[in-house]
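Below you'll find the structure, written out as structure tokens, and then a few comments.
Nothing in this text is a laboratory measurement; each read-out follows from the coordinates by a stated rule. Predicted model, so just to flag it, every value in this text is computed and none were measured. A quick note on method: Cβ atoms are made from the backbone with ideal geometry, for glycine too, and the neighbour counts reach across all protein chains shown.
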Amino acid sequence: MEEQATVSAADIARIAGVGRAAVSNWRRRYGDFPPPVGGTASSPLFSLLDVENWLRERGKPFEISLGDRVWQRLRNLGDDLSLSLRVGRVGTFLSRRGSRDWDFSARYDDAELLELLDRFAEEQGAREAFEFLCERYVEAHSRQLSVTAEPVAALMSRLIGPEPGVVLDPACGLGTLLLASGGTRLLGQVADPAISCIAAHRLLLAGADMEMYGADALSMDSYEGLLADAVVCDPPFNEREWGYDELVGDPRWEYGQPPRGEPELAWVQHCLAHVKPGGLVAIRMPPAAAGRRTGRRIRGNLLRAGALRAVVTVGGSDLWLLRRPEPGERPPSRLLLLADPSTVEEQWREHLRGAEVPGAVRIIDLLDEEIDLSPALHQARDEHAGEAFLEILKHFEGIRPEPPSLAVSDERPKFTTIGELLKSGVLTVPESVEEGDVVASPAVPAYVHSGAPVVAEPMMSKYRTDPERLDAAFLAGCLRAAGQLAPTSSTRIDLKRTRIPRLPIETQRAHGAAFTRLAAFEDALREAAESGLELVRLGLAGLTEGQLKPEN
């Protein structure tokens, strides 16, 4: 029955087209808001029917899509502990939908769900329908599930190459990395059999040639002896019970026995053991793995062998990029370390070819007592910090911000507004911005345009003054002041209501000159602050690296 369906606060927000904060406000403000019928104090559940009735009575627009009705029906067929099993069964239904040798109704006795699923698949397509339900499943289990962010997954796929062939992910979760990889054959493994079922059906519905196993890859390697063209992996971080005692001396530990507290180094070696010579591995790692003392021996061995080729900081974690050495291959002399991933793709390609690229650090310089491979630590090793410091110092010394000379005035002018000036014809709104026009926008303080005519962006306001009655620099200063006097940066200002002092034109011009000098003073202060911060950074780097020394 529909009235048995329940929804979370996030579901209500989505149905009503509002944010989560709005739902929280409704619960506080309205005594007749439907009370929770289940869930917990921190994650309450509400009757869908009651919520629909309340929204309707309050005149609040809402829409429950067919996909949401399927999701609510599916979720309410049992508790959340078994939700992954139910989602997996739906994947089976959508994958085999229409197959004569599969009677789904014998395995799922909810006729209403089957009807909704069939309609949803007909409307959206089987793959799109299942992806929708998987998204809802991830939202419902966001605290228990760790899903690789799509931008990170896309980057990892590009770093292993455009045509990777056979791709393995030994900790594939819901299959996100495999789907992004573009491999011709996709091999996955994940510890939870129910999750592996969901991942398998995501791949099947995407038309992939795939294989999937539901078992922990470290303790029960389902692909023992197999060598893929490339490996991608986003393993679980900081797991203490990963099988350390049972896996002592495992042949996969070619670069050293992983410490008990560093399972990530076990995953790195597992991935390398499953890639062909010359094949690439992209694995997401916690930042601490680059510098923990317990793992320095393995990091050193990976460097000496030429297996670890790059460490790149991406979104709060690191990507380790590895290449399994060819037999007899000479190890590279440099490791690519990047704290900024914006240029990693081009640099990675050049680095693999053996070219010298920015961010490549000599491996011999890394093989010290710590073998700390944290990109941020080595980014400060700017080979030209000393020269750059002296160059910026010269520029910095040339900055002389000087405010205009202003005196206290007892006169209080009368005011008009932009709207009144527009009505009187003192101001007009031009089609394009020309020399002398005043331009203002939420992102940029008002200014007087100089140079060739330009087309203003949609968010910009533009005004042309009658120069005999209104000074442009004076108007720009008043608009700039209105923006700075706003209570918060998010406050929207109605420019037509901006107050403009009624002053004689000569007084306006004097004020305009003062406004212009104040704007220049502000720009100089900002430039001095930016240059000063860069000067400090280079000074610290230069003193630390021995490129600078005190003169006295």
Q: State the three equivalent ellipsoid semi-axes of region 343-479, derived from the C-alpha gyration tensor as the square roots of 5 times its eigenvalues, in descending order and whole Å.
A: 54, 23, 14
Q: Would you calculate the volume per residue, in Å³, of the smallest convex hull containing every Cα atom of the chain?
A: 257 Å³
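If we sort 545-551, 295-301, 141-147, 343-349 on the protection proxy, mean other Cβ atoms within 10 Å, highest first, what's the order?
Working: 545-551: 10.9, 295-301: 20.1, 141-147: 12.6, 343-349: 16.3.
Highest-to-lowest ranking by the protection proxy: 295-301, 343-349, 141-147, 545-551.
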Q) In region 500-552, if every C-alpha pair distance is counted and binned at 5 Å from zero, what percent goes to each bin? A) 4, 16, 13, 12, 10, 9, 8, 7, 6, 5, 5, 4, 0
(Q) So if I take the centroid of the Cα atoms in region 243-274 and the same for region 147-207, what is the distance between those two points in Å? (A) 22 Å
Q: When you have a sec, figure out the Kirkwood radius of region 110-154 from all distinct Cα pair distances and drop it here in Å to one decimal?
A: 12.1 Å
Q: For region 415-502, compute Rh as the Kirkwood radius over C-alpha pairs and then the Stokes-Einstein diffusion coefficient at 20 °C and 1.002 mPa s; write the answer in µm²/s, rounded to an integer.
A: 164 µm²/s
Q | Helix axis angle, 472-484 relative to the chain longest principal axis, alpha carbon, degrees | A | 50 degrees
Q. Ranked highest first by average number of other Cβ atoms within 10 Å, how do 26-39, 153-166, 84-97 line up?
A. 84-97, 153-166, 26-39
Q) For the Cα atoms of the chain, what angle does the longest principal axis make with the long axis of helix 385-397, in degrees from 0 to 90, nearest 10? A) 20 degrees
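Please state the charge dipole magnitude for region 150-379, taken about the Cα centre, from unit charges on C-beta atoms (+1 on K and R, -1 on D and E), reported in debye and rounded to the nearest 20. Intermediate values should be presented prior to the final figure.
Details: 22 positive and 32 negative charges, 104 e Å.
The calculated dipole for region 150-379 is roughly 500 debye.
Based on Cβ point charges of +1 for Lys and Arg and -1 for Asp and Glu, what charge dipole magnitude is obtained for the chain about its Cα centre, in debye rounded to the nearest 20?
Values: 63 positive and 82 negative charges, 207 e Å.
Value, rounded to 20: 1000 debye.
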Q) Where does region 150-379 land on Rg/Rh, using Cα atoms and the Kirkwood Rh? A) 0.94
Q.
Calculate log10 I(q)/I(0) of region 1-83 for q = 0.11, 0.16, 0.20 Å⁻¹, where I(q) comes from the Debye formula with a single equal point scatterer on each Cα and nothing for solvent.
A. -0.27, -0.58, -0.92
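Using per-residue counts of other Cβ atoms within 10 Å, averaged over each peptide, order 453-465, 64-76 from highest down. Please report the intermediate quantities before stating the final value.
Working: 453-465: 15.1, 64-76: 19.8.
So the peptides 453-465, 64-76, ranked by packing, come out 64-76, 453-465.
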Q: For the chain, find the longest principal axis of its Cα atoms and tell me its angle to the long axis of helix 505-545, 0 to 90°, nearest 10.
A: 40 degrees
